[in-house]
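Read through the structure below, which is laid out as structure tokens, and then see the notes.
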Amino acid sequence: MSHRCKKSSGLWKMVVWDEPFFQGKKHEFTTDCYSTPEHGFSTVRSCKIESGAWAGFEHCGFQGQQFVLERGEYPCWEAWSGSNAYHVERMCSFRPIACADHGRSRLMLFEEENFQGKRAEMSDDCPSLPALGWGSSTVGSFLVRSGAWVCSQYPGYRGFQYLLESDSPAGEYKHVREWGSHAQTGQVQSIRRVQQ
């Protein structure tokens, strides 16, 4: 059974600017931002994560390429998008990651969709699934038992990012298309726990 999380399980604070290097209009958020234009920003150009972990999205409505943002400074779009498969110069929505629990995260991955085929269980970061012995460059499905995880397309946490959370419907990700609106392939070669 997956561990369910609630938004009240932590405190979050994200400060955003409409210009690079923490310049221009500034706004603080402690909860979801469905659309930066609704707050007077066409997009976020820089941000600081002061508490909690956040998921940023390329488009409004939590759509498009995903970015996992952990405590620290992001002075320009390259800081959050630099290791992705393509560079995204915008972030138009974001939300806290309520289930991030670095110390107690558990994840099961399956070779095929619908939790079929070869499987493995993880409770620690893995910079290279092939080095761990995962025989395929793809994963068909995930079951997040607890915590939040970020899966990356290539070894070393590079390429597209896919955020998987235990509080998403029962932590079940049966198909690639459930990993996010930008997911086109099951190629996952590194996985790590999200830091709170």
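Please find, among R95, R90, the residue that is in a loop (DSSP other than H, G, I, E, B), of a type in the set (D, E, K, R) and in contact (Cβ under 8 Å) with a residue 24 or more places away in the chain. Before the answer, list the steps.
On the way: R95 fails: in a loop (DSSP other than H, G, I, E, B).
Answer to the check: R90.
In this structure, F142 does not satisfy being within 13 Å of the chain's Cα centre (by Cα) and modelled with pLDDT of 95 or more. Only one of the numbered conditions (1) at pLDDT below 95; (2) surrounded by fewer than 16 Cβ atoms within 10 Å (Cβ to Cβ); (3) of a type in the set (D, E) is not met by E58, and that is (2).
Of the numbered criteria (1) in contact (Cβ under 8 Å) with a residue 60 or more places away in the chain; (2) surrounded by 13 or more Cβ atoms within 10 Å (Cβ to Cβ); (3) more than 26 Å from R106 (Cβ to Cβ), the one Y74 fails is (1). Kindly indicate the residue of segment 174-188 that is crowded, with 17+ Cβ neighbours inside 10 Å and of a type in the set (V, I, T) and also farthest from S136 (Cα to Cα) among those meeting that condition. Filtering first and then ranking leaves V176. Exactly one residue out of G133, G103, G159, G171 is under 30 Å from W17 (Cβ atoms) and out of contact with any Gly (no Cβ under 7 Å at 6 or more places or on another chain): that is G159.
Can you tell me which residues in segment 68-79 are assigned to a helix (DSSP H, G or I) and touching a helix residue (DSSP H, G or I) at 6+ places or on another chain (Cβ under 9 Å)? Give the steps one after another, and end with the answer.
As a first pass, look at segment 68-79 and keep what is assigned to a helix (DSSP H, G or I): 77-79.
Residue satisfying the conditions is W77 alone.
Within segment 102-112, if we keep just the residues that are open to solvent by less than 50 Å² (accessible area, probe 1.4 Å) and in contact with a Ser or Thr (Cβ under 7 Å, 6 or more places away or on another chain), the residue that is nearest to F67 (Cα to Cα) turns out to be S105.
So which strands (runs of 3 or more DSSP E) are wholly in segment 103-196 and hold at least 2 residues that are of a type in the set (S, T, N, Q) and outside the structural domain of Q63 (by the TED database)? Break it down stepwise before answering.
Working: elements: 106-112, 116-122, 141-146, 148-154, 158-165, 190-193.
Passing ranges, in order: 141-146, 148-154.
Applying the criterion of being open to solvent by 10 Å² or more (accessible area, probe 1.4 Å) and not basic (K, R) to the residues of segment 37-53, the residue that is farthest from C76 (Cα to Cα) is E38.
If I filter segment 122-136 down to residues being over 12 Å from S105 (Cβ atoms) and open to solvent by 60 Å² or more (accessible area, probe 1.4 Å), which single residue comes out as modelled with the highest pLDDT? Applying the filter and picking the extreme gives P127.
Within the bounds of segment 11-20, is there any residue that is closer than 29 Å to R177 by Cα and either open to solvent by less than 50 Å² (accessible area, probe 1.4 Å) or within 18 Å of the chain's Cα centre (by Cα) (or both)? Yes; the residues of segment 11-20 include at least one that is closer than 29 Å to R177 by Cα and either open to solvent by less than 50 Å² (accessible area, probe 1.4 Å) or within 18 Å of the chain's Cα centre (by Cα) (or both). Pairs are defined by a Cβ separation below 7 Å, a sequence spacing of at least 6 or placement on different chains, a first member in segment 38-67 that is part of a loop (DSSP other than H, G, I, E, B), and a second member that is aromatic (F, W, Y) and open to solvent by 10 Å² or more (accessible area, probe 1.4 Å); the pairs so defined are R45/W17; R45/W77; G52/W12; C60/Y34; G61/Y34. Evaluating A100 against the criteria (1) touching a residue at least 40 places away in the same chain (Cβ under 8 Å); (2) part of a strand (DSSP E or B) leaves one unmet condition, (2).
With the requirement that a residue be closer than 11 Å to F110 by Cβ and open to solvent by 30 Å² or more (accessible area, probe 1.4 Å), what does segment 137-154 give you? Before you say what the answer is, go through the steps one by one.
Step one: of segment 137-154, the residues closer than 11 Å to F110 by Cβ are 138-143.
Scanning segment 137-154 gives a single hit, T138.
The values are calculated or read from the model by the stated rules, or taken from the named source; none is laboratory data. Note that the coordinates shown come from a computational prediction; the quantities given were computed from them, not determined experimentally. With ideal geometry, Cβ positions are generated from the backbone for all residues, glycine too; neighbour counts draw on all protein chains shown. Please note that ligands, DNA and RNA were not included when accessible areas were found on the heavy atoms of the full protein model with its side chains. Shrake-Rupley method; radii C 1.70, N 1.55, O 1.52, S 1.80 Å.
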